[in-house]
Amino acid sequence: MRFCLCFLMLAAGCAFAADLPPSEALRGKLVLRDVQPPALETAAHKLVTLDGDEPTTKVLGDKRLNGFNVEAKGHFTAPDHFLIDPIHTRGLLVRQGGKLRMVTYWCDTCSIRSYTPGPCVCCQRETTLDLRDPDEM
Ligand SMILES: [Zn+2]
C-alpha cells in the first residue's frame, strides 16, 4: 500500500512538472529597498520584480543581500515579474568570488543552519548570513 501511494505521488509530480515550461535563469543584481518589493536589475538595467515562496520571500527581505549578483531560476509571470522556483530547488543562488553560493544562516552557539533569516530556532539569537558552496551542502 505504501508503495502504491509513493507511486501515485510520483506520477502526480510528473504530471504537474509537465504542465510547466522549463525554468529559465535570470541573472542580475539584487535591489532590496524598504518600500518597494524586492527586484533584480538585469545587465540591461531593467528592473524585474521578484516573487517566490515564503522562505524565498524572507531571504529577499534580508537587506544584507542588497547589491549582490544573483542567479534566480523560475518563470516570468509578466514581462517585469519573475517567480522564483521553490527554495528546496535552490531557485536563488548568490554570486560571491566568482562562484554561485546558497544563502544560508548559521547559529554559532547551536551549530544550527537555516535557510531563512531571523532568530535561531533553538536559542533565539540572531543568525549570521553564511553563503555556502552548493557542492558542500
Ligand atoms: Zn542558536
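The values are calculated or read from the model by the stated rules, or taken from the named source; none is laboratory data. Since we're looking at a predicted model, the values are computed, not measured. Counting neighbours? That spans all protein chains shown, and the Cβs are built from the backbone with ideal geometry, glycine included. We work out accessible area using only protein heavy atoms, side chains counted, and drop any ligands, DNA or RNA first. Shrake-Rupley method; radii C 1.70, N 1.55, O 1.52, S 1.80 Å.
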Name the residue, out of P38, P86, P22, whose mean-square fluctuation peaks in a Gaussian network model built on the chain with Cα pairs under 10 Å. P22
When the Karplus curve 6.51 cos²θ - 1.76 cosθ + 1.60 is applied with θ = phi - 60°, which whole-Hz ³J(HN,Hα) does each residue of the range 102-108 get, with x for Gly and Pro? 7, 8, 9, 10, 10, 9, 5
The answer for trypsin sites (Lys or Arg not before Pro) in the range 24-71 that fall in a DSSP coil and have at most 10 neighbouring Cβ atoms within 10 Å is R33
Using a 1.4 Å probe on the protein heavy atoms, what percent of the accessible area of the chain belongs to carbon and sulfur? 59
Full extension from R95 to S23: what is 0.36 nm times the residue separation minus their Cα-Cα distance, to one decimal in nm? 24.0 nm
Measure off 7 Å from each Cα along the Cα-to-Cβ vector at C110 and E41, then give the distance between these two points in nanometres to one decimal. 3.7
Rough spin-label spacing in nm, given labels placed 7 Å along Cα→Cβ, for H75 and M137: 2.2
In the range 75-129, which trypsin sites (Lys or Arg not before Pro) are in a loop and have at most 16 other Cβ atoms within 10 Å, using DSSP for the loop call? R90, R125
All Cα pairs of the chain, percent lying beyond 26 Å: 32
